Amino acid sequence: MNNNDKTKELLTRGVDEIISLEDLEKKIKNGDKLRIKLGIDPTSPNIHLGRSIPLLKLRDFQLLGHKIVLIIGDFTGLIGDTSDKESERPMLSEETVKENLKTYIDQASKIIDMKEAEIHYNSKWLGELGYKEIGKQADVFSINDFISRDNIAKRLSEGKRVSLREVMYPLMQGYDSVVINADVEIGGTDQRFNILAGRDLQRLYGQEPQNIVMNPLIEGLDGRKMSSSYGNTINLFDTPNDMFGKLMTVADELIIKYFTMLTRVDLETIEGYKKDLADGTNPRDIKINLGRELVRMYHGEEEAESAVAYFVNTFTKKEIPTDVPEFKPASGDYNISSVLIESELVSSKGEVRRLLEQGGIKIDGEVISDASHTISAGPSGVILQKGKIHFLRII
């Protein structure tokens, strides 16, 4: 692929909107070395595949010789971004944010070369701002600018609370761009207002406004936007088998979108998959290739092939794996709900209830629907199965 083709793919693949496309193309063609910014708030411990989209775009820029700047929002994460929320996001404690960000660099390094990147924590500068400087920044915007945003207008019309704290978030994200002198900021379409705020603040501080590259959002396992708050994510640090198993449950109509936005499989190959699907190829066969590629990206070739084999044996051939982990309830309570939660196969009673209603729990191959069911393990134990690929031997 020549440089023109690389630039074209850079500016189109997984891209919803660019501001300003003409200016950005000109700078790239002129050979300018640009500072490319992405900020990630550690609002949960995991970076999921939805967040991999802008990270992959960072890598695309990095491979073309540009300087990427990753900002870990240890301060903005405390305040909370309202961009994608239907209600007020609660403030997080410093302890929660600190715990969440422990492995963020390790997770992001699965995609970008950290040795060639700048890494910043925005508490370094945001934590030092006083009212005078904040007032200067706030004067650039009006209350109407903020409340005219779709999600804020909707909340206000429904009588829901909108805090003054939420109004401050775009200022903080925008000021990040000033501090690191960003030439380009990358983010999802839900970040449009915040990223545009960066352009306004850069003008205030005498900088050239950054260009913007916005990516579409990706659907999660339940069809809604992939979000940790929905619990519908596929995470970079999921085990190979879990990652592959989750990908095999993704809706068939998302296969091509996942290939295009979450991988760097060449577009010609993806077009071939699209044609195969239109011609009647079983979507599962294409989805296996998707799962293999994504597990390979984050865990390596060997783990990818192992995950495929595990799935085929446990789902297609309906075999029980030979290395099923054993579990004995420390509480001595063999009630099905207690076992599922204590073993951490599920995280809540609500999830237990949902799985039982959907027929997602089996014991020795028999579907269990009664939440009060008591497991009789016996001398050799029984096999507890959650979904298609999760097994425990209860002893």
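The values are calculated or read from the model by the stated rules, or taken from the named source; none is laboratory data. Not measured: the values here are computed from a predicted model. Cβ placement follows ideal geometry from the backbone for every residue including glycine, while neighbour counts extend to all protein chains displayed.
From the list Ile389, Ile375, Ile368, Ile395, exactly one residue is of a type in the set (A, V, I, L, M) and surrounded by fewer than 17 Cβ atoms within 10 Å (Cβ to Cβ). Which is it?
When all the criteria are applied, what remains is Ile395.
I'd like the residue in segment 215-235 that is among the hydrophobic types (A, V, I, L, M, F, W, C) and touching a residue at least 40 places away in the same chain (Cβ under 8 Å) and, out of all such residues, is nearest to Ile255 (Cα to Cα). Reasoning before the result, please.
In the first step, residues of segment 215-235 are kept if they are among the hydrophobic types (A, V, I, L, M, F, W, C); the result is 217-218, 221, 226, 234.
From what is left, the residues that are touching a residue at least 40 places away in the same chain (Cβ under 8 Å) are 217-218, 226, 234.
On the way: Leu217: 15, Ile218: 11, Met226: 15, Ile234: 14 Å.
By that ranking, first place goes to Ile218.
Go through Leu392, Leu340, Leu345 for me and flag whichever is touching a His at 6+ places or on another chain (Cβ under 8 Å) and at pLDDT 85 or above.
The match here is Leu345.
Within segment 50-64, can one find any residue that is in the same structural domain as Gly188 (by TED's automatic domain parsing), out of contact with any Cys (no Cβ under 9 Å at 6 or more places or on another chain) and either part of a strand (DSSP E or B) or over 24 Å from Thr260 (Cα atoms) (or both)?
no
Considering Lys98, Lys57, Lys136, which residue is modelled with pLDDT of 90 or more and closer than 30 Å to Asp266 by Cβ?
Exactly one residue qualifies, and that residue is Lys57.
With respect to Lys115, determine if the residue is under 24 Å from the mean Cα position of the chain (by Cα) and part of a loop (DSSP other than H, G, I, E, B).
no
A quick yes/no check of all residues on (1) modelled with pLDDT under 95; (2) surrounded by fewer than 20 Cβ atoms within 10 Å (Cβ to Cβ):
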position	(1), (2)
Asn194	yes, no
Gly206	no, yes
Val213	no, no
Tyr230	yes, yes
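Of (1) part of a loop (DSSP other than H, G, I, E, B); (2) touching a helix residue (DSSP H, G or I) at 6+ places or on another chain (Cβ under 9 Å), Lys136 satisfies all except one. Which?
Unmet condition: (1).
With the condition kept exactly as written, say whether any residue in segment 142-150 is under 25 Å from Ser52 (Cα atoms), in contact (Cβ under 8 Å) with a residue 24 or more places away in the chain and surrounded by 15 or more Cβ atoms within 10 Å (Cβ to Cβ).
First, the residues of segment 142-150 that are under 25 Å from Ser52 (Cα atoms): none.
Looking through segment 142-150, none of the residues is under 25 Å from Ser52 (Cα atoms), in contact (Cβ under 8 Å) with a residue 24 or more places away in the chain and surrounded by 15 or more Cβ atoms within 10 Å (Cβ to Cβ).
Run Ala108 past the list (1) closer than 25 Å to Ile18 by Cβ; (2) of a type in the set (A, V, I, L, M); (3) at pLDDT below 95 and report the number of the one that doesn't hold.
(3)
Looking only at segment 23-49, which residues are surrounded by fewer than 20 Cβ atoms within 10 Å (Cβ to Cβ), charged (D, E, K, R) and not in a helix (DSSP H, G or I)?
Asp32, Lys33, Arg35, listed by residue number.
Please determine whether any residue of segment 327-335 is of a type in the set (S, T, N, Q), surrounded by 19 or more Cβ atoms within 10 Å (Cβ to Cβ), touching a residue at least 12 places away in the same chain (Cβ under 8 Å) and closer than 16 Å to Gln385 by Cα.
Scanning segment 327-335 turns up no residue that is of a type in the set (S, T, N, Q), surrounded by 19 or more Cβ atoms within 10 Å (Cβ to Cβ), touching a residue at least 12 places away in the same chain (Cβ under 8 Å) and closer than 16 Å to Gln385 by Cα.
If the requirement is being over 27 Å from the mean Cα position of the chain (by Cα) and of a type in the set (Gly, Ala, Ser), which of these qualifies: Gly187, Gly135, Gly174, Gly127?
The unique qualifying residue is Gly135.
Tell me, please, whether a residue that is touching a residue at least 40 places away in the same chain (Cβ under 8 Å), closer than 27 Å to Asn232 by Cβ, part of a loop (DSSP other than H, G, I, E, B) and in contact with a Gly (Cβ under 9 Å, 6 or more places away or on another chain) can be found in segment 378-387.
Yes: segment 378-387 contains one or more residues that are touching a residue at least 40 places away in the same chain (Cβ under 8 Å), closer than 27 Å to Asn232 by Cβ, part of a loop (DSSP other than H, G, I, E, B) and in contact with a Gly (Cβ under 9 Å, 6 or more places away or on another chain).
Tell me which residues, restricted to segment 72-104, are part of a helix (DSSP H, G or I) and either acidic (Asp, Glu) or surrounded by fewer than 14 Cβ atoms within 10 Å (Cβ to Cβ) (or both). Explain how you work it out, then say what you get.
Of all residues in segment 72-104, those part of a helix (DSSP H, G or I) come to 76-79, 94-104.
Across segment 72-104, the qualifying residues are Glu94, Glu95, Lys98, Glu99, Lys102.
For segment 173-214, what are the residues that are assigned to a helix (DSSP H, G or I), among the aliphatic types (A, V, I, L, M) and in contact (Cβ under 8 Å) with a residue 40 or more places away in the chain?
First, the residues of segment 173-214 that are assigned to a helix (DSSP H, G or I): 173-180, 189-204.
Adding the requirement that they be among the aliphatic types (A, V, I, L, M) leaves 178-180, 195-197, 201, 204.
Across segment 173-214, the qualifying residues are Val179, Ile180, Leu196, Ala197, Leu201, Leu204.
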